[in-house]
1. Could you work out how far apart the two model spin labels at residue 247 and residue 270 are, taking each label as a point 7 Å from the Cα in the direction of the beta carbon, and quote it in nm?
2. Over region 1-60, what is the relative contact order in percent, taking alpha-carbon pairs closer than 8 angstrom and at least six residues apart?
3. Over the chain, what is the mean sequence separation of C-alpha contacts under 8 Å (at least six apart), divided by residue count, expressed as relative contact order in percent?
4. Based on Cα coordinates alone, diagonalise the gyration tensor for region 1-86, multiply each eigenvalue by 5, take square roots, and list the semi-axes in whole Å, largest first.
5. Give the separation of the Cα centroids, region 251-303 to region 93-162, in Å.
6. Could you please rank 276, 270, placing first whichever residue has the fewest other Cβ atoms within 10 Å of its Cβ?
7. Using the beta-carbon distance between residue 191 and residue 103 and R0 = 56 Å, what value does 1/(1 + (r/R0)^6) give for FRET efficiency, to the nearest 0.05?
8. Please determine, in degrees from 0 to 90 and to the nearest 10, the orientation of helix 211-221 with respect to the longest principal axis defined by the Cα atoms of the chain, where the helix direction is its Cα long axis.
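Just so it is clear, none of the values below were taken in a lab; they were calculated from the coordinates. Model, not experiment: these values are computed from the prediction. Cβ: placed from backbone, ideal geometry, glycine included. Neighbour counts: every protein chain shown.
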Ligand code: DP6
């Protein structure tokens with residue numbers, strides 16, 4: 001068992017003592033796609049990762065969350081206009097997250113969240129959701145937390161949320177401290193205006209095992225997982241180099257191999273975790289065929305059946321011709 005302090009103790013130690021809630025606060029955070037994935041935790045309660053990861057934030061695509069104090073004994077969580085049951089799922093996680101920051105007896109809150117991420121695109125809304133919630137909490141109570149604290153605290157909601165605090169390329173350093181306060185993300189200085197991500201929605205079938213349970217199963221049961229931290233460390237270095245040198249082929253190839261390596265560890269778990277559907281494999285083969293023909297096109301995938309395509313602006317027409325339903329994001333283009 002972990003001897004670490006609890007998430008609430010850690011948060012309470014860092015908060016300014018005199019914070020007063022205001023009448024209302026609202027914040028936006030982008031979704032993000034990892035090019036070097038976060039997969040596996042060294043501490044489950046604090047979402048401390050086994051490996052560092054690197055992502056790109058999706059600009060205008062993400063979550064907007066509005067917080068306001070309400071009368072009553074319970075919080076109210078609204079997701080895309082629908083009041084959620086507090087019994088489980090997203091709303092229960094939201095209430096536990098809010099409890100990290102407030103004192104017993106302080107007013108309950110209404111949490112109104114809108115995701116503009118295409119439904120069924122298989123993008124984790126928990127990353128942008130917890131990052132937006134963290135930013136809104138900071139504003140509502142006027143905490144004035146630093147970007148590093150905001151990122152480390154967003155991690156307590158969902159690991160990948162630590163990266164959604166920032167725009168552009170973002171690295172989440174794993175940290176070494178027991179309280180995890182050095183396990184936060186930081187934005188990279190480099191921009192890449194030509195960089196494109198295509199969201200390829202292949203199936204909206206709900207996944208049976210979420211990423212939280214999936215990564216735990218992998219750590220617990222897959223011997224192949226032993227090789228994952230080495231793969232991730234090597235990939236992280238290559239992705240930094242690719243970003244420095246704006247070497248798209250190196251970036252794409254490394255991100256694709258990183259995603260497939262992560263999926264290899266999932267498949268080697270027991271019971272096996274295969275998020276791929278026949279459509280996923282067909283799309284991978286189409287990407288590989290186009291690449292053989294000379295198109296610099298790569299993919300990454302998370303804990304779901306859909307692909308995210310990686311390419312450059314000058315190839316957008318060719319990519320759209322092959323994948324007409326693709327939703328294209330230009331993460332570095334001015335909003
Ligand atoms: C495959 O951040 O959703 O998308 O920390 O348990 O909330 P928890 O997990 P989560 O895992 C994301 C896993 C991934 C890879 C990534 O985004 O790096």
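1. 4.0
2. Relative contact order, region 1-60: 33 percent.
3. Reported as a whole number, the value is 21 percent.
4. 27, 23, 14
5. Comparing the Cα centres of region 251-303 and region 93-162, I get a distance of 30 Å.
6. Ordered from fewest to most neighbouring Cβ atoms within 10 Å, 276, 270 come out as 270, 276.
7. E(calc), rounded to 0.05, equals 0.85.
8. 70
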